[in-house]
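What follows is one structure encoded as structure tokens, with my remarks underneath.
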Amino acid sequence: MVIEFINVTKTIKGHKVIDNVNVKFESGKIIGLKGINGSGKTMLMRLACGLILPSEGTISIDGKILGKDITFPESVGILIENPAFLDGYSGFKNLKMLASIKNEIGDEQIRETIRRVGLDPDDRRPYRKYSLGMKQRLGIAAAIMEKPDIVLLDEPTNSLDISGVELLKDILRQERQRGALIIISSHDLDILQEVSDEIHVMERGRLVDHIVMEGPDKGVDK
């Protein structure tokens, strides 16, 4: 699985939110996106999954051009900005409804994914009664439950406590081990350095630095 951006620019209301990006992301890696709010991390993710299309340039998934050959990646899990579910339904019922769209997984896979993120699949509380951390965990579960080829997580540590962050790190490594391409954005460089194989630094819609993390001691090669 390869996502490739070629001369990609996205202009919104005359402002370049993504400015001439050229980059390639490959399977079996955790790709970190580092940058302050407004640097373009979320927009890059929206482009990568076809939620928006570039104003200039092309984005391809294994050679298939988004917006031309395909509308969306064929296998992708997404958590961009804040998770959103139906307030009156439990976590399990919300995920079951989402899973019914593609009908690729059954109840036990859904239940196992809920356990993976540290929630109880038998918890009947409606989503509106979840804490912010629980909502974030359910959003992560929705992104990974179908074992997609591409996993896009935008600031996934938001609202997570220390145990939640550690659990997320384990999940990211497990997803990489099964061969997924994971792209994770964060303003926290320490977390990115701990889990990422590569880090791309963004400023004003541009990729301004590329850091390759090497070895168990996470030495940096710029």
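What separates the Cα centres of region 7-35 and region 160-207 is a distance of 16 Å. When only Cα pairs below 8 angstrom with a gap of at least 6 residues are kept, the chain shows a relative contact order of 29 percent. Cβ-to-Cβ counts within 10 Å put Leu189, Leu47 in ascending order as Leu189, Leu47, the fewest first. Just check region 1-67 against the gyration tensor rule for me: Cα atoms, a ≥ b ≥ c as the square roots of the eigenvalues, rounded for a/c under 1.5, and otherwise prolate or oblate depending on whether a/b exceeds b/c. Since a/c reaches 1.5 but b/c is at least a/b, the shape of region 1-67 is classed as oblate. Using only C-alpha atoms and all pairs of different ones, pull out the Kirkwood radius for the chain in Å with one decimal. Hydrodynamic radius (Kirkwood, Cα pairs) of the chain is 17.9 Å.
For the options Arg124, Arg46, Arg204, a Gaussian network treatment of the chain with springs between C-alpha atoms closer than 10 Å singles out Arg124 as fluctuating the most. Compute the Cα gyration tensor for region 1-126, then decide on rounded, prolate or oblate, letting a ≥ b ≥ c be the square roots of its eigenvalues: rounded whenever a/c is under 1.5, prolate when a/b is larger than b/c in the other cases, and oblate in all that remain. Judged from the Cα gyration tensor, region 1-126 comes out prolate (a/c at least 1.5, a/b above b/c). Across region 9-98, the mean sequence separation of Cα contacts (distance under 8 Å, 6 or more residues apart), normalised by length, yields a relative contact order of 22 percent. Sites listed here are GluC sites (Glu not before Pro) in region 120-222 whose DSSP assignment is loop and whose Cβ has at most 11 other Cβ atoms within 10 Å, and the list is empty. With a/c under 1.5 counting as rounded, go ahead and sort region 85-146 into rounded, prolate or oblate using the C-alpha gyration tensor (a ≥ b ≥ c being the square roots of the eigenvalues; past the cut-off, prolate if a/b is larger than b/c, else oblate). Prolate. Between Met97 and Val2, residue separation times 0.36 nm minus the direct Cα-Cα distance comes to 31.3 nm.
When the pairs Lys29/Lys102; Lys24/Lys129; Lys10/Lys169; Lys93/Lys169; Lys41/Lys64; Lys13/Lys93 are compared against a 29 Å limit on Cα-Cα distance, Lys24/Lys129; Lys10/Lys169; Lys13/Lys93 fall above it.
Laboratory data are not the source of any read-out in this text; all were calculated from the coordinates shown. Worth saying up front: this structure is predicted, and the values here are computed from it rather than measured. Quick reminder, even Gly has a Cβ in these numbers, built from the backbone with ideal geometry, and neighbours come from all protein chains shown.
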